[in-house]
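Comments concern the structure below.
Every number in this text was worked out from the coordinates using simple rules, so none of it is lab data. Everything numeric here is computed off the predicted structure, so don't read it as measured data. Backbone-built Cβ (ideal geometry, glycine too); neighbour counts: all protein chains shown.
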Amino acid sequence: MTTVKRSIPTNVETVLDDQQTQPFHIVKMEFASATSYLSESQQVTFEGNIYSEGAIAVRSFTWGPDGTQAGAIALLNENDAATALVLNNTVQDVPVSIYKVYSTGPSTNTDPVLMVKGVMSGSNIQPSQSIIGVITSSAETEFAPREFYTIAEGFNWLPPTGTVVQWGGEKYVLSGIEGA
């Protein structure tokens, strides 16, 4: 079994030791016209940018069969601001970063921890909110085969390691499994 260690900031570890914690999300959307910084809860300053409070809701994310994660964010439509943002910008493939944050007081918070980095994948404008899809890879990304076939599984007629294969206009060099 492989163990992947992930480090989190010390102030996040401290908050996680509290009896009760309630995380919230901040979202950075990098539209061509300007970058939007929005928070689910209180105003947050991160990397020199101010994330506006109470302007967004992050929905759940799920794994897809192709190894990507997909979910949605809801832009709250106060004074039709979300509708204007969506209608005045191209949404497809706009970079988006979603961070998890814990409040440590009325105007203080822990260091944000990256939760999702991906792109927007479409929108649905409603009277009270605009729902924007988010996927963890660009819609323009082409996926290469990820299955491993080895002699151990009974595949005796495999091309040798180092063979160059042409597929979809690209050249791929076949490599064996490390340590095999």
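With point charges of +1 on the Cβ of Lys and Arg and -1 on the Cβ of Asp and Glu, referenced to the Cα centre of the stretch 10-135, which listed residue (Asn124, Val134, Ser60) lies farthest in the positive direction of the dipole?
Sorting the options by dipole projection puts first Asn124.
To make sure I understand, if each residue's beta carbon is the centre and we count other beta carbons within 10 Å, what order do Thr83, Thr14 fall in, fewest to most?
Listing Thr83, Thr14 from fewest to most nearby Cβ atoms yields Thr14, Thr83.
What are the GluC sites (Glu not before Pro) within the stretch 43-137 that DSSP puts in a loop, where the Cβ has at most 12 other Cβ atoms within 10 Å?
Listed in order of number, the matching sites are Glu47.
Under unit Cβ charges (Lys, Arg +1; Asp, Glu -1), what dipole magnitude, rounded to 20 debye, does the stretch 10-135 have relative to its Cα centre?
Around 240 debye, computed over the stretch 10-135.
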